[in-house]
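Undergrad: Here it is, the structure in full.
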Amino acid sequence: MPAVSAEDWRNGGFGLYVHWPFCQAKCPYCDFNSHVSREIDQTAWVRDYLSELRRTAAETPGRVLNAIFFGGGTPSLMAPETVAAVIDAARSHWPFANDIEITLEANPGSVEAGRFAGYRDAGVNRISMGVQALNDADLRRLGRIHTVAEARAAFDIARACFDRVSFDLIYARQEQNLADWQAELRQALSMAVDHLSLYQLTIEQGTAFGDRYNAGKLRGLPDDDLAADMYFATQEICEAAGLPAYEVSNHARPGAESRHNLIYWHYGDYIGIGPGAHGRISIAGQRFATECHRAPGLWTQAVAVGSGESVRTVLSPQDQANEYLMMGMRLKEGLDMGRFAALYGAPLPAERMDYLSDLGMIEVDGNRLMVTEDGWPILNAIIRELLAG
Amino acid sequence: MTELSHIRNFSIVAHIDHGKSTLADRLIQETGTVQDRDMKEQLLDAMDIERERGITIKANTVRLDYKADDGETYILNLIDTPGHVDFAYEVSRSMRAVEGSLLVVDSTQGVEAQTLANVYQAIDADHDIVPVFNKIDLPASDVSRVAEQVEDVIGIDASGAIAVSAKTGQGIHEVLESIVAHLPAPKGERDAPLKAMLVDSWYDAYLGVIVLVRIMDGVLKKGERIKMMSNGSVHHVDRIGVFRPQMQPVDELGPGEIGFLTASIKQVRDTRVGDTITHEKKGCETPLPGFKPAQPVVFCGLFPVDSAEFEDLRDAIEKLALNDASFSYEMETSAALGFGFRCGFLGLLHLEVIRDRIEREYNIELITTAPSVVYHIYMKDGTMQELHNPADMPDLTYVDHLEEPRIKATILVPDEYLGDVLKLCQDRRGLQEDLSYAGPRAMVVYDLPLNEVVFDFYDRLKSVTKGYASFDYQMMGYRQDNLVKMQILVNDEPVDALSVMVHRDRAELRGRAMVEKLKDLIPRHMFKIPIQAAIGGKVIARETLSALRKDVTAKCYGGDATRKRKLLEKQKAGKKKMRQFGKVEIPQEAFISALKMDS
C-alpha cells in the first residue's frame, strides 16, 4: 500500500459554496448549472439547504469557516431571508473566521438592487456583479437582460451597501477589436471599487454559443493572436490602474482578492451544497471530490431522503497533485513545489521544468514555481508539460 | 472420379458491385449445394475485409453438383478469383485453372475498367466466355446497350448473353444450362504422371496450410508423397477433398478436378501460387508454364504508435507473412518513429489489407509512412541497386542515374469529367497513349509513373469524377527520369519519415504543398518552428509555424476542477501519441496527410 497522502485542510483554508440554480433567462455562453423556473418556493429551499448544512457539518467538525459564496444561477433571485437563514445556520455549525468573506453573485438589474440592503443585513459583505459588457448592443448579443444604464444604477446601489464590490466583464467578444476593449476596460476601471474579473469569452460545448459555433455561425470572434494581444493589454492597463492580476482572469487592489476563490486556487477544502455543486473535503487522511445532483427536482428528492450528493470519489495522490498544479499555477504567487511533491510523492519533472524555463514560460523562486507574464496566455500548454502521470 | 465430359470449371469476371458474389450465392443455392437455412450473404468472401469492401482477396472455390435439363449430372467448379490489379498474378493463375468464364456486367452501369482488365486475363487464358447481364430487376437496366458495349469495347460476341437478376434469382437456371452447354469440358490424361497447379493456399489453425489445386493430368490420392517442382520440397498428403463450400473429403482427385490437399505444411511461404505439384516418384518432367515468384512493388514503413508494442508488431507481421508469400518485411529504424518494419506489398490494396489486419486482428495501432515504389539506382561503378526507402538514397556523387517503374493505366469515365481526368493524369506526369469512346464514356489510356499513382491518385480520381470513373493498371517496366530525394526539415532537423522521391521539375510544387500541409498538421508549440523542404542542402520551400499565443482556461473555480483536470490529462495523453522530434511533437497523421495533394 502506498502511503495515503493526508494533507491538512488548513493548507488552503475552508469555504462553503451554495448553489442557487435559477435564472430569469439562460445566457447563450453559460455552461453553469442554471434553470429557468417561475415558481420557486423559498421556504422549501431553506429547508433543503439547512438539511445539507447539517449533513456536511457533521463530517467536518471543529473547522473555522473562512468564506461563503452564493453562486448560480442567479443568487440575487434569492429572498434576503433565504440568504440570512443559510448564513445563520452555517454560523451555528462552524465558527466563522474573524475576517470571513461572504459573497453573493448578483445580476445588475433594478429589481435585484432593491434586495442589496437585505443581503447586507443578512450578513453578505461582498457583491460580485455580472455586468459583462459596457455597451448595450454587446449585452444583447450576450443574451443579457439588463442594460448598461441599469447596471450602472445597480452598481451605485451596491457601492452604497457594500465595502467590497467586484464585477465581471467578458471580452474578446464578437467583432471586438483591441482599441474597443482598451476603451471599455478604462471605463470599467473608472468604476471599479477593489476587484474585477475579466474573462475572455470561451465557447463551451453544450451551450447555445457552442451550437452556433459548431454550425459555423458564430462569426467575428478574435483569432488567438488578437486574443493574446487583448490579454496582454488587459494586464498592462489594470496594473497601471492599481488592480494587478492575482489570477489568470482576476484583478484586485492588494488585499482585496476574493478569499473564497483563493481557497479553490490554494487547493483548500470546500463544501458544495445545492444542485450540481462540487466540493473537496479531506476526511481521515483521504481527500474526496463530491458532487450533488444537477437537476433541482432530483436534488430536492435526494435531500429529503438524506443527502443531495450524487458522487463521492476518493482522489488519488496523482489526481490531487494535478488539481493543485492546475489551480495553483493560475495564481501570480505560483505554487509551492514542496506541497506538490508531498501530494504526489515525487517532485515536478526537472527536465520539463528546464525546458519551460529555457523558453521563459516559468520561473522558480525558492520553493515557489510561477508562470511568467509570457506564459500566462498559454497556461494550459504549460500545465500539460508538468502534469503528473 | 468423374468423366471429363461431365466437368465444367469456370470463374466469374466482374467489376466491384456488379454482383459477382451474389451471383455465386445464387448458383450455390440453386444447385442445392447449401441448404437455404445455412445461406448467408456472400458465402465465398470469408474475411471481414473482403465482405466489407466487396472484394475478393484470396481465391475461393466451390463444387456444385448440377442435374441439367439433359438429365445428366455435372460437376461445376467455380473459382472466385481476386478482382484487383494488386493480385493480377494470382488472377492469371486462377484463370489458367479453369476453361471458361462468366462475364458479369451490371446492366444499369455497363463495362468498367476493372471488367476490362479481368476479361483480358480470361481471353489470354483462352476461355470461352458467357456474358451475364445482372440487375435486370432495376428500372435503370438497359440490356441492349450493355450488349452493344460488350461487343464494341471488349470485342466478344454477346448474342448468347443471359439476362439475370442475382437478387431475385431470375435467369439463374439459364446460367447453369449455359455453363453446361457453352463452356468446354476440361482435358487431361488419367494415366499420365500427376501434374497439378497450385492455384492458391492459405493457413488454417487446425489443418496447417490448405492448398487449392487443379489436376491437369494423373490422379492424386491421400497418403501419397508429392513434390513442389519450384523448390523440390516433398510432402506427405494427409487429406484431399473438395469445397461445397465447406471441406468434404474425397478418395481421389482426377484430371479436370479442382480440390484441396493438406500435407502438414506449416508455412504458406512454402506453397507458391502457380507452382506445379507432381508425385515424388515417377513425376512429370516439365512444370506448367508461367510460374513466377511474387515481387513487391510498393513499400512503406509500419511503426507501432506505442513503441512498447514493437514486439507485438513483429509477432503480427511474422504471422501474416507466414500466410502471405507476396508480403515482405525487414526491420527499419527511424529517428522520428523509432523501431518498425519496412514492408513490401503487391500494391496499395494489398498494403491496406495487411495494415487493416494488423490493426484489427492484432489490435496494434500503426503509423504508416508514405508508400514508395522501388527505384533502380544505377551507380557510377556500373552496378544497380534497388531503393525501397527514400531515406536510404545513396550519396549523389556515386549515382549515375535513376529509373522508376511506370504503369499503363486504363480509365473509363463519363465524358463530362474527361477534362478533369486528363488534367489529373497530366499533373501526375502522365503520357497519353489512347483516347476513345465507348458509348457516352471515354476510355483513356495513360503511361504514368507508378510513384504518382501509389499514393492518392485513386482518391483524387474518384473525387474529380464524383465516383463515376473506373480505373485499372498494369506494370510496364522501368524508365529513366530526373528524380531527386526531397527532405523535410522541421525546426531545422530532417525528418527521415517524410523524405520522398520526386521529379525535379515538380519538386518546388510538391515541397511547397508539403510544408503548407505540415504547417496545418503540426500543432503550435511554445516557440516558432521553421518547416522547410530541401533537395540536397538547398531549401526549395519554407513556412514558419508561429508560436502558440493562447491556450488558457478563462474560468476555473471549484466546480471546474474535476472536469478541467480530466480534460488536461486527456490532452496530455494525446500528446504522448505524437512523435517527439527534437523539441517538436508531430502527430501521426502528419506522416501520411502531408503527402496528399489537393490538385
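Read-outs throughout are calculated quantities, based only on the coordinates presented, and are distinct from any laboratory measurement. Since this is a predicted model, take the numbers as computed values, not measurements. Reconstructed Cβ throughout: ideal geometry from the backbone, glycine too, with neighbour counts over all protein chains shown.
Undergrad: Leaving out same-chain residues fewer than 8 places away, which aspartates and glutamates sit with a Cα under 12 Å from that of residue B:466?
TA: Filter leaves B:416, B:420.
Undergrad: Once Lys and Arg get +1 and Asp and Glu get -1 on their Cβ, which of B:424, B:102, B:10 lies farthest toward the positive end of the dipole of chain B?
TA: B:424
Undergrad: Restricting to Cα atoms and excluding each atom paired with itself, what does the Kirkwood estimate give for the range A:317-389 in Å? Kindly include the intermediate steps, with their values, before the conclusion.
TA: Numbers: mean 1/r = 0.0843 Å⁻¹.
Result for the range A:317-389 stands at 11.9 Å.
Undergrad: Where a ≥ b ≥ c are the square roots of the eigenvalues of the C-alpha gyration tensor, would you call the range A:168-220 rounded, which needs a/c under 1.5, or, failing that, prolate if a/b is larger than b/c, or oblate? The partial results should precede the final answer.
TA: Details: a/c = 4.82, a/b = 1.93, b/c = 2.50.
Cα axes put the range A:168-220 in the oblate bin.
Undergrad: Moving to a separate point now. Once the dipole of the range B:455-599 is set up with Lys and Arg at +1 and Asp and Glu at -1 on Cβ about the Cα centre, which of B:557, B:582, B:499 lies farthest towards its positive end?
TA: Working it through, the farthest residue towards the positive pole turns out to be B:557.
Undergrad: If you project the alpha carbons of chain A onto their three principal axes, what span does each projection cover, largest first, in Å?
TA: 57, 55, 44
Undergrad: Let's test this: bin the Cα-Cα distances of the range B:376-481 at 10 Å from zero up to the farthest pair and state each bin's percent.
TA: 14, 40, 24, 15, 6, 0
Undergrad: Other chains near B:568-575: what is the mean number of their Cβ atoms within 10 Å of each residue's Cβ? Present the calculation step by step, with values, prior to reporting the outcome.
TA: Working: counts 9, 9, 0, 5, 8, 3, 1, 4.
What the average comes to for B:568-575 is 5.
Undergrad: Trypsin sites (Lys or Arg not before Pro), restricted to the range B:428-493: which are DSSP loop and have at most 15 other Cβ atoms within 10 Å?
TA: Values: sites: B:428, B:429, B:441, B:460, B:462, B:466, B:479, B:485; in loops: B:428, B:429, B:466.
In loop regions of the range B:428-493 (DSSP not H, G, I, E or B), the sparsely surrounded trypsin sites (Lys or Arg not before Pro) are B:466.
Undergrad: Next question, about the same structure. Choose one of B:273, B:169, B:353: the residue whose Cα lies farthest towards the positive end of the charge dipole of the protein assembly as shown (beta-carbon charges +1 Lys, Arg; -1 Asp, Glu; about the Cα centre).
TA: Of the listed residues, the answer is B:353.
Undergrad: Given an 8 Å cut-off on Cα distances and at least 6 residues of separation, report the relative contact order of chain B as a percent.
TA: Details: 1294 pairs, mean separation 57.3, N = 599.
Relative contact order of chain B: 10 percent.
Undergrad: Looking at the range B:542-599, which trypsin sites (Lys or Arg not before Pro) are in a loop (DSSP not H, G, I, E or B) and have at most 14 other Cβ atoms within 10 Å? Mind showing how you got there, number by number?
TA: Working: sites: B:542, B:549, B:550, B:555, B:563, B:564, B:565, B:566, B:570, B:572, B:575, B:576, B:577, B:579, B:583, B:596; in loops: B:549, B:550, B:555, B:577, B:583, B:596.
Those satisfying the criteria are B:577, B:596.
Undergrad: In addition: Hey, any idea what Rg/Rh is for the range B:484-595, computing Rh the Kirkwood way over Cα pairs? Don't skip to the answer; put the middle values down first.
TA: On the way: Rg = 17.1 Å, Rh = 15.5 Å.
For the range B:484-595, the value is 1.10.
Undergrad: Return the distance in nm (one decimal) between the two label points of a simple spin-label model at residue B:315 and residue A:367, each offset 7 Å from Cα along Cα→Cβ.
TA: Label at residue B:315, label at residue A:367, 4.8 nm between them.
Undergrad: Give the cysteines in chain A for which no other Cys Cβ lies under 4.7 Å away, or write none if there are none.
TA: A:23, A:161, A:238, A:292
Undergrad: With each pseudo-label sitting 7 Å past Cα toward Cβ, what's the residue B:434-residue B:554 distance in nm, one decimal?
TA: 6.5
Undergrad: To continue, here is another question. Treating only the Cβ of Lys, Arg, Asp and Glu as charged (+1, +1, -1, -1), what charge dipole size does the range A:1-147 show about its Cα centre? Round to the nearest 20 debye. Could the numbers behind the result be given before it?
TA: Working: 14 positive and 17 negative charges, 33 e Å.
Charge dipole, the range A:1-147, about its Cα centre: 160 debye, nearest 20.
Undergrad: What is the Cα centroid distance between the range A:180-199 and the range A:321-353, reported in whole angstrom?
TA: About 32 Å separates the Cα centre of the range A:180-199 from the one of the range A:321-353.
Undergrad: Now for a different question. I want the antiparallel fraction of DSSP beta bridges within the protein assembly as shown, as a percent rounded to 5. Before the final figure, lay out the partial values.
TA: Values: 136 of 188 bridges.
Once the DSSP bridges in the protein assembly as shown are tallied, antiparallel ones form about 70 percent.
Undergrad: Straight-line reach from residue B:266: which lysines have Cα under 17 Å away, leaving out those fewer than 8 places along the same chain?
TA: List returned: B:227, B:319.
Undergrad: Now for a separate question. Between residue A:333 and residue A:239, what's the calculated FRET efficiency when r is the beta-carbon distance and R0 is 25 Å? Round to 0.05. Kindly include the intermediate steps, with their values, before the conclusion.
TA: Values: r = 15 Å, r/R0 = 0.62.
Efficiency at R0 = 25 Å is approximately 0.95.
Undergrad: Still on this structure, please answer the following. Could you give the Stokes-Einstein D for the range B:279-339 in µm² per second, using the C-alpha Kirkwood radius, 10 °C, 1.306 mPa s?
TA: On the way: Rh = 14.8 Å.
After rounding, the answer is 107 µm²/s.
Undergrad: Scan chain A and hand back the longest stretch that contains none of the trypsin sites (Lys or Arg not before Pro) lying in DSSP loops with at most 16 other Cβ atoms within 10 Å.
TA: Numbers: sites that count: A:26, A:38, A:217, A:219, A:294, A:332.
Longest run free of exposed loop sites: A:39-216.
Undergrad: For the protein assembly as shown, with only Lys/Arg (+1) and Asp/Glu (-1) charged at the beta-carbon, what is the dipole magnitude about the Cα centre, in debye rounded to 20?
TA: Numbers: 108 positive and 143 negative charges, 480 e Å.
That gives the protein assembly as shown a dipole magnitude of about 2300 debye.
Undergrad: Using the number of other C-beta atoms within 10 angstrom as an exposure proxy, rank B:298, B:234 with the fewest first. Display every interim value, and only then the final one.
TA: Numbers: B:298 25, B:234 12.
Starting with the residue having the fewest Cβ neighbours, the order is B:234, B:298.
Undergrad: While we're looking at this one, here's another question. Using alpha carbons only, how many degrees (0 to 90, rounded to 10) separate the axis of helix B:310-322 from the longest principal axis of chain B?
TA: On a 0 to 90 degree scale, this one is about 20.
Undergrad: Here's another thing I want to ask about it. Once you have the Kirkwood Rh of the range A:219-320 from its Cα pairs, apply Stokes-Einstein at 10 °C and 1.306 mPa s and quote D in µm²/s.
TA: Details: Rh = 16.9 Å.
In µm²/s, the coefficient is 94.
Undergrad: Next question, about the same structure. How big is the gap, in Å, between the Cα center of the range A:297-320 and the Cα center of the range A:71-117?
TA: 23
Undergrad: While we're on this one: At what distance in angstrom do the alpha carbon centres of the range B:58-130 and the range B:155-199 lie from each other?
TA: Value for the Cα centre distance between the two parts: 8 Å.
Undergrad: For the protein assembly as shown, restrict the atom set to alpha-carbon positions and state the Rg and Dmax in Å.
TA: Looking at the protein assembly as shown, its Cα Rg and Dmax stand at 37.9, 117 Å.
Undergrad: Moving on to the next point. What net charge is computed for the residues neighbouring residue A:192, neighbours being all others with C-beta under 12 Å from the C-beta of residue A:192, Lys and Arg scored +1, Asp and Glu -1?
TA: Numbers: positive: A:159, A:164, A:186, A:253; negative: A:168, A:194.
So the surrounding residues net to +2.
Undergrad: What per residue convex hull volume, in Å³, comes out for the range B:298-369 when only alpha-carbon positions are used? Before the final figure, lay out the partial values.
TA: Working: hull volume 5.1 nm³, N = 72.
So the per-residue Cα hull volume is 71 Å³.
Undergrad: Let me ask something additional. Quick check: residue separation of residue B:246 and residue B:474 times 0.36 nm, minus the Cα distance between them. What number comes out in nm? Don't jump to the answer; show the numbers that get you there.
TA: Numbers: separation 228, 0.36 × 228 = 82.08 nm, distance 3.41 nm.
Once the chain is fully extended between residue B:246 and residue B:474, it gains 78.7 nm.
Undergrad: When B:94, B:436 are ordered from fewest to most other Cβ atoms inside 10 Å of their Cβ, what list results? If you can, show how the numbers build up before the last one.
TA: Details: B:94 28, B:436 11.
Listed from fewest to most nearby Cβ atoms, that is B:436, B:94.
Undergrad: Before anything else, pin down the relative contact order of the range B:59-125: Cα pairs under 8 Å, at least 6 apart, normalised by residue count, whole percent. Walk me through the intermediate numbers first.
TA: Details: 63 pairs, mean separation 17.4, N = 67.
Rounded, it is 26 percent for the range B:59-125.
Undergrad: Any lysines with Cα under 29 Å of the residue B:485 Cα? List them, leaving off those in the same chain fewer than 8 positions away.
TA: Excluding near neighbours in sequence, the set is B:380, B:408, B:423, B:462, B:517, B:519, B:528, B:538, B:577, B:583, B:596.
Undergrad: Obtain the radius of gyration and the Kirkwood radius of the range A:85-157 from its C-alpha atoms and give Rg over Rh. Walk me through the numbers on the way to the answer.
TA: Numbers: Rg = 15.0 Å, Rh = 13.7 Å.
Across the range A:85-157, the Cα-based Rg/Rh ratio is 1.10.
Undergrad: Neighbour counts of other C-beta atoms within 10 Å: give me B:502, B:13 arranged from fewest to most.
TA: Numbers: B:502 22, B:13 30.
In increasing order of surrounding Cβ atoms, one gets B:502, B:13.
Undergrad: Using the Cα centre as the reference, give the magnitude of the dipole from point charges on the C-beta atoms of the range A:3-264 (Lys, Arg: +1; Asp, Glu: -1; all else neutral), rounded to the nearest 20 debye. Walk me through the numbers before you get to the answer.
TA: On the way: 24 positive and 35 negative charges, 125 e Å.
Roughly 600 debye for the range A:3-264.
Undergrad: In nanometres, what is the gap between the two model label sites at residue B:65 and residue A:358, each 7 Å from Cα along Cα-to-Cβ?
TA: 7.9
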